[in-house]
Amino acid sequence: MADVIRGPDGKRRCGWGDSSDEYRRYHDTEWGRPIVDEQGLYERLCLELLQSGLSWALILRKRDGLREAFAGFDPEVVAGLKVAPLLEDERVIRNRAKLEAIVQNAKATIAMRGETPLPELIWGYRRRNKRAPRNYSEMVSFSPESTELAKELKRRGFAFVGPTTVYSTLQAVGVVNDHLAGCFVRAQVEGERRRL
């Protein structure tokens with residue numbers, strides 16, 4: 001896959017972001033765009049942990065069903081869900097460990113509200129002045145920040161949040177801007193991050 005390519009619309013974007021219509025929409029409108037609300041951050045963390053070992057295309061295809069099954073990823077509702085019925089629900093990824101982690105992480109998200117809320121914790125790992133990766137070989141799958149945040153999340157009761165899952169979440173929610181240099185979305189994301 002090419003690093004940065006010019007799509008059929010004439011826009012230059014990260015190569016993976018032009019590999020299908022579904023990926024193009026996700027790349028152009030969501031990936032890396034800053035998310036600062038608790039529910040949005042919790043959802044992205046859940047989606048990234050569900051993706052572990054699977055394709056992102058599968059997660060995108062199941063996303064509407066996942067949102068239905070998990071009440072829009074409202075931590076208050078998810079914290080009260082039972083895993084057994086979810087294992088029978090075709091809308092979800094039916095992996096017991098992942099489903100248990102989603103429920104446990106909802107409880108941990110709620111518990112953090114009185115101390116350091118999830119948005120404050122996650123955005124506390126924002127790196128400034130990171131040079132744009134020019135190609136995929138310059139990208140990493142985890143970082144010192146994601147390793148540290150993974151440990152902190154586990155300390156606070158989260159499950160299934162290793163450094164790679166956490167780094168993917170940081171990318172997805174805009175804490176890290178890993179759109180490649182030359183991708184038209186990169187500058188937009190930087191502008192959105194500056195306004196925070």
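The values are calculated or read from the model by the stated rules, or taken from the named source; none is laboratory data. Values in this document were obtained by computation on a predicted structure and should not be read as measured data. A quick note on method: Cβ atoms are made from the backbone with ideal geometry, for glycine too, and the neighbour counts reach across all protein chains shown. SASA here: full protein model, heavy atoms, side chains in, ligands and nucleic acids out. Shrake-Rupley method; radii C 1.70, N 1.55, O 1.52, S 1.80 Å.
Quick look at the numbers
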| quantity | calculated |
| --- | --- |
| Rounded to whole Hz, the Karplus (6.51, -1.76, 1.60) HN-Hα couplings of segment 109-123, x for glycine and proline | 4, 5, 5, 6, 4, x, 10, 10, x, 3, x, 5, 5, 4, 6 |
| R0 of 45 Å, Cβ-Cβ distance Arg131-Lys82: FRET efficiency to nearest 0.05 | 0.45 |
| Solvent-accessible surface ranking, highest first, for Phe73, Phe184 at 1.4 angstrom | Phe184, Phe73 |
| Two-decimal Rg/Rh across segment 64-162, once Rg and the Kirkwood Rh are taken from alpha-carbon atoms | 1.04 |
| Sparse-neighbourhood loop sites, trypsin sites (Lys or Arg not before Pro) in segment 57-103 - DSSP loop, at most 16 other Cβ within 10 angstrom | Lys82, Arg91, Arg94 |
| Helical mean residue ellipticity (222 nm; -39500 (n - 2.57) per DSSP H run of 4+; nearest 500) of the chain | -15000 deg cm²/dmol |
| Reported label for calculated Cα extents along the principal axes in Å given (i) 53, 35, 27; (ii) 53, 45, 28; (iii) 47, 36, 27 | (iii) |
| Solvent-accessible area, 1.4 Å probe, carbon plus sulfur percent, for the chain | 49 percent |
| Flagged links, alpha-carbon separation over 28 Å, of Lys98/Lys151; Lys11/Lys151; Lys11/Lys98; Lys130/Lys151 | Lys11/Lys151; Lys11/Lys98 |
| Order of exposure, largest accessible area first, which applies to Ile93, Ile110 with probe 1.4 Å | Ile110, Ile93 |
| Largest to smallest accessible area among Arg113, Arg33 [probe 1.4 Å] | Arg113, Arg33 |
